[in-house]
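Student: Structure incoming, see below.
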Amino acid sequence: MKTNTIKMAAILLVSTALVAGCGKKTVEVLPPAAEGTDYGQTPTAPIAPTSQIVPGSQEDFLQQVGQFGDRILFETDRFNVDAEDQAVLQRQAQWLAQYPGTRAIVEGHADERGTRDYNLALGERRANSAKNYLTSIGVDASRIQTVSYGKERPSALGSDEQSWAQNRRAVTVTVR
């Protein structure tokens, strides 16, 4: 029994020494970079960010229609397009008229209340209401698709009226 304890202590001591010997060593001088590369070198001129917005892109769409001009909001259990929504959709239609090669997807959303099936159906009605208004003012219906996400993709997290109001929406996304 005593020899087993001594053997175990010896094994533990040797393994501890091995682990301690594997510690990281600090490197004081790095080796030179390979010839023909600039790896590890500081660039001579800073790279300018490419922040130009491509005409006809989603970023251009958002810039032209306004910060929240890609969405219309709805009352609880409603899918009607009111006068404020019509103004937003008219700006969207004007932008779409400038870029006839661009298509759009109108996403319908609902707040977290209600069943999954109910909210998917409500989101579909909201997306179709926006699409129908866009087509009524001249956008070709073949350029617009609809999809319903129901309550699956909330814009605002929270279980209060302010969050729910932001989640009851139809959002237009451009597709090239």
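Student: Determine, from the Cβ-Cβ distance of residue 142 and residue 113 and an R0 of 41 Å, the FRET efficiency 1/(1 + (r/R0)^6), rounded to the nearest 0.05.
Tutor: Details: r = 34 Å, r/R0 = 0.84.
Efficiency computed from Cβ-Cβ geometry: 0.75.
Student: Can you give me the distance in nm between label points at residue 98 and residue 173, each placed 7 Å from the Cα along the Cα-to-Cβ direction?
Tutor: 2.2
Student: Of the options 154, 66, 141, report the single residue whose Cα projects farthest towards the positive end of the charge dipole of region 58-175 (beta-carbon charges: Lys, Arg +1; Asp, Glu -1).
Tutor: Result: 141.
Student: Stretched out fully, how many nm does the piece from residue 5 to residue 153 gain, at 0.36 nm a residue minus the Cα gap?
Tutor: Details: separation 148, 0.36 × 148 = 53.28 nm, distance 6.16 nm.
The span from residue 5 to residue 153 would gain 47.1 nm if fully extended.
Student: Here's something else I'd like to know. In region 58-175, if every C-alpha pair distance is counted and binned at 10 Å from zero, what percent goes to each bin?
Tutor: For region 58-175, the binned pair fractions read 15, 49, 30, 6, 0 percent.
Student: Next question. How big is the gap, in Å, between the Cα center of region 113-172 and the Cα center of region 58-105?
Tutor: When both Cα centres are located, 12 Å separates them.
Student: Explain nothing, just the number: dipole magnitude of region 62-154 about its Cα centre with +1 on each Lys and Arg Cβ and -1 on each Asp and Glu Cβ, in debye rounded to the nearest 20.
Tutor: 240
Student: Applying 1/(1 + (r/R0)^6) with R0 = 35 Å to the Cβ-Cβ distance of residue 135 and residue 63, what FRET efficiency is obtained, to the nearest 0.05? Can you show the working numbers first?
Tutor: Numbers: r = 24 Å, r/R0 = 0.69.
Rounded to the nearest 0.05, the efficiency is 0.90.
Student: Could you grab the relative contact order for region 76-136? Cα pairs under 8 Å, six or more apart, rounded to a whole percent.
Tutor: Relative contact order here is 45 percent.
Laboratory data are not the source of any read-out in this text; all were calculated from the coordinates shown. Just so we're clear, the structure is a prediction, and the values are computed from it rather than from any experiment. Note that each Cβ is placed from the backbone with ideal geometry, even for glycine, and that neighbours are counted across all protein chains shown.
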